[in-house]
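Below: one structure, written as structure tokens.
The values are calculated or read from the model by the stated rules, or taken from the named source; none is laboratory data. Everything numeric here is computed off the predicted structure, so don't read it as measured data. Using ideal geometry, Cβ is built from the backbone for each residue, glycine included, and neighbour counts are taken over all protein chains shown. We work out accessible area using only protein heavy atoms, side chains counted, and drop any ligands, DNA or RNA first. Shrake-Rupley method; radii C 1.70, N 1.55, O 1.52, S 1.80 Å.
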Amino acid sequence: MLVKQMSVFVENTTGRLADLTGVLAANGIDIIACTIADTVDFGILRCIVEDPEKATEILKEHGFTASITEVIAVSAEDKPGGLDKILRSLAEAEIGVDYIYSTIRSKEGEAIIIMKVADPKKALSILG
């Protein structure tokens, strides 16, 4: 399925990530899945939240730089080769994958994978 992901620039200073999660918590916004990639000076927190538009607006009001990107969420068999099956299908269709991460919320026997791909709609049609 297509989902909206929130991306937030976070300075690499002690407590700044806690500032961000505190703002979300204070406004009743639950983080469903997240990942962070860092550099020397800042990180990019990418996350799936219940209301990305509201979360982005609130974070901007608190001095964060935030944006929304369209990604896909797909179910993978939670066993060896589950992710490989998905990635091979995308590779065969020549759909590039920019990054992936997963959520801990899933049904028994499956994993939910969040993916930023070059062509989300085509990827979903292939992955069915």
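Quick one: count up the residues across region 10-41 that are within 16 Å of LEU59 (Cα to Cα), in contact with a strand residue (DSSP E or B) (Cβ under 7 Å, 6 or more places away or on another chain) and open to solvent by 80 Å² or more (accessible area, probe 1.4 Å).
Result for region 10-41: 1.
Of the residues in region 1-33, how many are in contact with a Leu (Cβ under 6 Å, 6 or more places away or on another chain) and within 26 Å of ALA123 (Cβ to Cβ)?
Qualifying residue count, region 1-33: 1.
Out of VAL23, VAL71, I need the residue that is assigned to a strand (DSSP E or B), modelled with pLDDT of 95 or more and hydrophobic (A, V, I, L, M, F, W, C). Which one?
Exactly one of VAL23, VAL71 is assigned to a strand (DSSP E or B), modelled with pLDDT of 95 or more and hydrophobic (A, V, I, L, M, F, W, C), namely VAL71.
Among the residues of region 75-128, write down those that are in a helix (DSSP H, G or I) and open to solvent by less than 20 Å² (accessible area, probe 1.4 Å).
Scanning region 75-128 gives GLY82, ILE86, LEU90, ALA123.
Yes or no: ALA66 assigned to a helix (DSSP H, G or I), open to solvent by less than 90 Å² (accessible area, probe 1.4 Å) and at pLDDT 95 or above?
So ALA66 fails the test.
Which pairs turn up if I take residues in region 103-119 that are of a type in the set (Ser, Thr, Tyr) and modelled with pLDDT under 85 and look for partners that are part of a strand (DSSP E or B) and open to solvent by 60 Å² or more (accessible area, probe 1.4 Å) with beta carbon separation below 9 Å, at least 6 apart in sequence or on another chain?
THR103/CYS34; SER106/SER75
Mind checking which residues of region 48-63 are in a helix (DSSP H, G or I), in contact with a helix residue (DSSP H, G or I) (Cβ under 9 Å, 6 or more places away or on another chain) and open to solvent by 90 Å² or more (accessible area, probe 1.4 Å)?
Answer for region 48-63, where residues must be in a helix (DSSP H, G or I), in contact with a helix residue (DSSP H, G or I) (Cβ under 9 Å, 6 or more places away or on another chain) and open to solvent by 90 Å² or more (accessible area, probe 1.4 Å): just GLU61.
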